[in-house]
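A short worksheet on the structure shown next.
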Amino acid sequence: VDSLMDLFASSANALAIQLAHAAPDRSHPFGHAKIETLATAGQGLLIGGSGVYLLVEGVRRLLSPEPLRLAAVTLGAMAAAALVTAALVAYLGRVAARTGSSAIQADAVHYRTDIAANLAVFAGVAVTYATGFTRIDGVLSIAVAVYILASAGSLLRLGVRDLIDTSAPEDRVRAIEAALDAMRAAGEILGYHALRTRVAGHTLFVDVHIELPGDLRLARAHARSDRARDAILAVEPDAEVLVHIDVERDEPA
């Protein structure tokens with residue numbers, strides 16, 4: 001059952017990522033990136049459901065302990081599966097860091113919970129055989145359930161954060177500000193204001209107003225706007241950037 005759930009979750013994530021990368025269309029002029037965000041939140045709900053089930057099962061086993069009886073071949077298969085899963089988690093983590101994909105990050109979290117469950121089984125069997133303490137299975141099940149629920153909560157927060165258009169992380173915003181500050185120091189722009197960011201799936205959206213002299217020719221103003229956009233793309237290559245041109249304000253940005 002667990003393997004079927006893993007297959008379903010990964011397949012749903014793969015489909016969501018494919019749909020999220022579809023080009024904008026008439027019905028979705030800003031693209032489909034939030035499909036990936038929905039998949040991330042859905043993965044959080046799925047993991048949370050398994051955590052609740054494991055918590056209930058752990059309490060039951062704590063109150064009515066049963067000795068763990070697993071064949072050596074079963075433990076061997078679980079160990080092999082745990083090693084393969086660990087390699088998969090490492091790979092997914094690298095891909096998520098490189099692409100910024102919340103859905104791939106969610107998949108990595110999902111498989112980490114599988115590893116935690118397998119480790120709990122190994123520990124439970126070892127303690128039961130060594131000490132005869134049969135309630136260890138319930139104790140470890142509850143501990144893993146708490147870890148799974150915490151992981152699910154982090155994915156739900158990530159999904160909800162993007163769905164309600166929360167600003168990008170502070171370090172990314174500061175990098176954009178530094179690029180614009182460099183343009184201001186070089187005299188390319190007089191200032192900027194109303195810098196807004198939001199994240200949807202793998203895509204960062206940036207919206208900013210730059211201030212230029214009122215007597216600047218339109219063609220030159222647009223050229224500076226393009227350079228401001230390029231400066232932002234230099235630090236956020238995959239961002240969707242919109243630069244507005246404003247006449248110099250009386251107050252500095």
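The values are calculated or read from the model by the stated rules, or taken from the named source; none is laboratory data. Remember, it's a predicted structure, so these values are computed and weren't measured experimentally. Virtual Cβ from ideal backbone geometry, glycine too; neighbours counted across all protein chains shown.
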Selected residue (only one of Ala175, Ala168, Ala120, Ala106 is out of contact with any Leu (no Cβ under 9 Å at 6 or more places or on another chain) and on the phi < 0 side of the Ramachandran plot): Ala175
Note on the range 1-40: residues over 19 Å from Gly159 (Cβ atoms) and assigned to a loop (DSSP other than H, G, I, E, B) are Val1, Ala22, Ala23, Pro24, Asp25, Arg26, Ser27, Pro29
Just the residues that are under 26 Å from Ala168 (Cα atoms) and modelled with pLDDT of 65 or more, please, taken from the range 237-253. Pro237, Asp238, Ala239, Glu240, Val241, Leu242, Val243, His244, Ile245, Asp246
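Of these, Gly132, Gly153, Gly138, which one is in contact (Cβ under 8 Å) with a residue 12 or more places away in the chain, farther than 26 Å from Ser102 by Cβ and either in the same structural domain as Ser101 (by TED's automatic domain parsing) or of a type in the set (Ser, Thr, Tyr) (or both)? Even if it seems obvious, please write down each step before you answer.
Numbers: Gly132 fails: in contact (Cβ under 8 Å) with a residue 12 or more places away in the chain; Gly153 fails: farther than 26 Å from Ser102 by Cβ.
Answer to the check: Gly138.
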Does Ala82 qualify as being crowded, with 16+ Cβ neighbours inside 10 Å, assigned by TED's automatic domain parsing to the domain that holds Ala16, out of contact with any Ser or Thr (no Cβ under 9 Å at 6 or more places or on another chain) and not charged (D, E, K, R)? yes
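Is it the case that some residue within the range 62-69 is part of a helix (DSSP H, G or I), closer than 24 Å to Asn13 by Cβ, touching a residue at least 40 places away in the same chain (Cβ under 8 Å) and not aromatic (Phe, Trp, Tyr)?
First, the residues of the range 62-69 that are part of a helix (DSSP H, G or I): 62-63.
With closer than 24 Å to Asn13 by Cβ added as a condition, the list becomes none.
Checking the range 62-69: not a single residue is part of a helix (DSSP H, G or I), closer than 24 Å to Asn13 by Cβ, touching a residue at least 40 places away in the same chain (Cβ under 8 Å) and not aromatic (Phe, Trp, Tyr).
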When the range 226-240 is checked residue by residue, the ones that are without any contact (Cβ under 8 Å) to a residue 60 or more places away in the chain and buried (at least 18 other Cβ atoms within 10 Å of the Cβ) are Ala228, Ala231, Ile232, Ala239
Quick test for you: out of Ser27, Ser50, Ser64, Ser11, pick the one residue that is more than 27 Å from Val144 (Cβ to Cβ) and either in the same structural domain as Ile142 (by TED's automatic domain parsing) or modelled with pLDDT of 90 or more (or both). Ser27
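Mind listing whichever residues of the range 194-232 are farther than 30 Å from Gln18 by Cβ and in a strand (DSSP E or B)?
Our first condition is that a residue be farther than 30 Å from Gln18 by Cβ; within the range 194-232, this holds for 194-195, 208-228, 231.
Correct list: Ala194, Leu195, Val208, His209, Ile210, Glu211, Leu212.
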Within the range 14-36, of all residues that are under 15 Å from Ala108 (Cα atoms) and crowded, with 17+ Cβ neighbours inside 10 Å, the one farthest from the chain's Cα centre (by Cα) is Ile17
Arg98 being of a type in the set (D, E, K, R), within 22 Å of Val208 (Cα to Cα) and either modelled with pLDDT of 95 or more or assigned to a helix (DSSP H, G or I) (or both): no
Out of everything in the range 199-217 that is among the small types (Gly, Ala, Ser) and buried (at least 20 other Cβ atoms within 10 Å of the Cβ), what residue ends up being modelled with the lowest pLDDT? Gly201
